[in-house]
């Protein structure tokens, strides 16, 4: 003798679950009632730019995709960070129970996204300024963008910079934007907010990195006997130089009556002390190393800590590695940015074909506490701007024939 299960009855045609949402800038918080049934297997949240048809089973398509599967009965919330770049995003909750599904009605929301025409994949910003400077390499345009309103306030054509590191800096009440390319090795200075060019310097060899601080520009170059140079920010003339190092480097600058400047590489790192005249008064080797070096715009330059490298190496003014943001060799970080008090850092992590926005607490180093993490759209990101209680994230979509740059806004954790 044996037994068999008959074909199960279809789910009820009317929604059995309730799905709720709360909108906070670009972040959607989904929640639902805990399912009080036996035979629970998992929650399944679907997403689509259009309303999802009612179906007794999750029906996936080109538009309808799985946002999240949760196999814990007691987890009934999910923070969603605009997985789809669409004016409308619809969600539907399914619950697998034994051999059938319960489901909710559609829940459609309109997340807060500002859109700017253009492929702006490079940017820079200075704390206290509501405008960021963005570069569209495809159309050779540079703009000043109010990242809070999405308004373009000025624009110029620029055909020199290719894949630059960009930095905005104010000294003696004058704000400039500096752009540097590794090869061909250009360093260009622009007036702000007009964005007109004022000074240009070209180097004979690879310009690894440039870091602007007060009246100086510090550069690391693949140049025999002149690998580390101190330039005047006014006219980009070399004030002093040392032999430096002959490999890819990032530059960290720590303020003081005598500035501490670190050149950080994978094989060799050095510490320089530079006085207010631009003279290099001392030079020494330091133990810090940065592996998997990245461009200077993917570094965070604080007054007491520096973060660089694709693993997020945290380095102090003594030239010591204090901690690392991530240790997974298959992941890498981009665009780390300090909070105003430098106790927290915001950054992007790329891992397993997804990008996450994370916020970590650094107030108890070497211990690092992760405060927030959620998946963000797959974009080429230009900059992250922590501003008060909002994190502004700027990125463009190269997979689209329509040149658009997005300004996403997320709450900064208290």
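The values are calculated or read from the model by the stated rules, or taken from the named source; none is laboratory data. Just so it is clear, the model here is predicted, and its values are computed rather than measured. Counting neighbours? That spans all protein chains shown, and the Cβs are built from the backbone with ideal geometry, glycine included.
Observations on the structure shown:
- Here the condition is being within 29 Å of residue 221 (Cβ to Cβ), in contact with a helix residue (DSSP H, G or I) (Cβ under 7 Å, 6 or more places away or on another chain) and assigned to a strand (DSSP E or B); of 142, 166, it holds for 166 alone.
- Once the stretch 343-353 is narrowed to residues that are at pLDDT below 95 and not in a strand (DSSP E or B), the residue that is surrounded by the fewest Cβ atoms within 10 Å (Cβ to Cβ) is 353.
- Residue within the stretch 64-77 that is modelled with pLDDT under 90 and either assigned to a loop (DSSP other than H, G, I, E, B) or over 30 Å from residue 413 (Cα atoms) (or both) present: no
- Condition met for residue 281 (outside any helix (DSSP H, G or I), surrounded by fewer than 20 Cβ atoms within 10 Å (Cβ to Cβ) and assigned by TED's automatic domain parsing to the domain that holds residue 209): yes
- Here residue 161 meets each of (1) touching a strand residue (DSSP E or B) at 6+ places or on another chain (Cβ under 7 Å); (2) in a loop (DSSP other than H, G, I, E, B); (3) under 30 Å from residue 341 (Cβ atoms) with one exception, condition (3).
- The stretch 210-252 holds strands (runs of 3 or more DSSP E) entirely within its bounds, and those carrying 3 or more residues that are under 18 Å from residue 268 (Cα atoms) and either in contact with a strand residue (DSSP E or B) (Cβ under 7 Å, 6 or more places away or on another chain) or assigned by TED's automatic domain parsing to the domain that holds residue 175 (or both) map to 216-221.
- When the strands (runs of 3 or more DSSP E) confined to the stretch 365-414 are screened for residues that are free of Cβ contacts under 8 Å to residues at least 60 places away in the same chain and surrounded by fewer than 16 Cβ atoms within 10 Å (Cβ to Cβ), those reaching at least 3 such residues are found at 367-376.
- Test for residue 269: is it crowded, with 20+ Cβ neighbours inside 10 Å and more than 18 Å from residue 171 (Cα to Cα): yes
- Residue ID - nearest to residue 274 (Cα to Cα), chosen from residues in the stretch 187-209 that are assigned to a strand (DSSP E or B) and under 25 Å from the mean Cα position of the chain (by Cα): 209
- Search result, residues across the stretch 313-330 that are modelled with pLDDT of 95 or more and part of a loop (DSSP other than H, G, I, E, B): 316, 317, 318, 319, 320, 325
- Subset of the stretch 354-364 (residues that are without any contact (Cβ under 8 Å) to a residue 24 or more places away in the chain and either within 17 Å of residue 406 (Cα to Cα) or part of a loop (DSSP other than H, G, I, E, B) (or both)): 356
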